[in-house]
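Student: Take this structure, written in structure tokens, and hold onto it; I'll ask about it next.
The values are calculated or read from the model by the stated rules, or taken from the named source; none is laboratory data. What you are looking at is a predicted structure, and each value in this text was computed from that prediction instead of being measured. Here the Cβ positions follow ideal geometry from the backbone for every residue, glycine too, while neighbour counts run over all protein chains shown. For the accessible areas, the whole protein counts, side chains as well, though only heavy atoms, and no ligand, DNA or RNA atoms are used. Shrake-Rupley method; radii C 1.70, N 1.55, O 1.52, S 1.80 Å.
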Amino acid sequence: MPVNDDVFAALANPVRREVLRLLLDGPMAAGDLAGRFEMRRPSLSEHLRVLREAGLVTEQRTGRNRVYSLEAAPLEEVTTWLSPFEQFWRTKLTALRDLLDEEDL
């Protein structure tokens, strides 16, 4: 199954990757997330919107607060897509190790 390009676009930004890392510990209010970054709140809101539209986070409104949670399913699709590349490099590194071992003999 192909990965949605929105997921790759969302992951391309280091702020959005950090938001996802923070959400690994559990849901967080937008205000708490904003306190972790040196940027204006509207800028963080834009990053959260991109993550939400890519399906990487969900938003739940609790009164005036917006609480964000990680949605890992799209990341699993990325992992599946990257798997052949990992195998490619693993094979190359094994061949390099074997070559170096032969030179040591």
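Student: Out of 50, 19, 7, 57, I need the residue that is in contact with a His (Cβ under 8 Å, 6 or more places away or on another chain), in contact (Cβ under 8 Å) with a residue 24 or more places away in the chain and not basic (Lys, Arg). Which one? Outline the logic, then answer.
Tutor: On the way: 50 fails: in contact with a His (Cβ under 8 Å, 6 or more places away or on another chain); 7 fails: in contact with a His (Cβ under 8 Å, 6 or more places away or on another chain); 57 fails: in contact with a His (Cβ under 8 Å, 6 or more places away or on another chain).
One residue alone meets the criteria, 19.
Student: Same structure again: Scan (1) among the small types (Gly, Ala, Ser); (2) at pLDDT 95 or above; (3) surrounded by 12 or more Cβ atoms within 10 Å (Cβ to Cβ) for the single condition residue 26 breaks and write down its number.
Tutor: So the condition that residue 26 fails would be (3).
Student: Tell me, which residue of region 31-73 that is of a type outside the set (Gly, Ala, Ser) and assigned to a loop (DSSP other than H, G, I, E, B) is surrounded by the most Cβ atoms within 10 Å (Cβ to Cβ)?
Tutor: The initial filter retains those residues of region 31-73 that are of a type outside the set (Gly, Ala, Ser), namely 32-33, 36-42, 44, 46-53, 56-62, 64-68, 70-71.
If we keep only those that are assigned to a loop (DSSP other than H, G, I, E, B) as well, we get 36-40, 56, 64, 71.
Values: 36: 13, 37: 15, 38: 6, 39: 12, 40: 10, 56: 27, 64: 7, 71: 16.
Restricting to residues being of a type outside the set (Gly, Ala, Ser) and assigned to a loop (DSSP other than H, G, I, E, B), the top hit is 56.
Student: Would you say residue 102 is among the charged types (D, E, K, R), part of a helix (DSSP H, G or I), closer than 21 Å to residue 24 by Cα and free of Cβ contacts under 8 Å to residues at least 24 places away in the same chain?
Tutor: Numbers: among the charged types (D, E, K, R): yes; part of a helix (DSSP H, G or I): yes; closer than 21 Å to residue 24 by Cα: no; free of Cβ contacts under 8 Å to residues at least 24 places away in the same chain: yes.
No.
Student: When region 74-89 is examined, which residues are found to be open to solvent by 90 Å² or more (accessible area, probe 1.4 Å) and either more than 29 Å from residue 52 (Cβ to Cβ) or not polar (S, T, N, Q) (or both)?
Tutor: Listed by number, the residues that qualify are 76, 81, 85, 86, 87, 88, 89.
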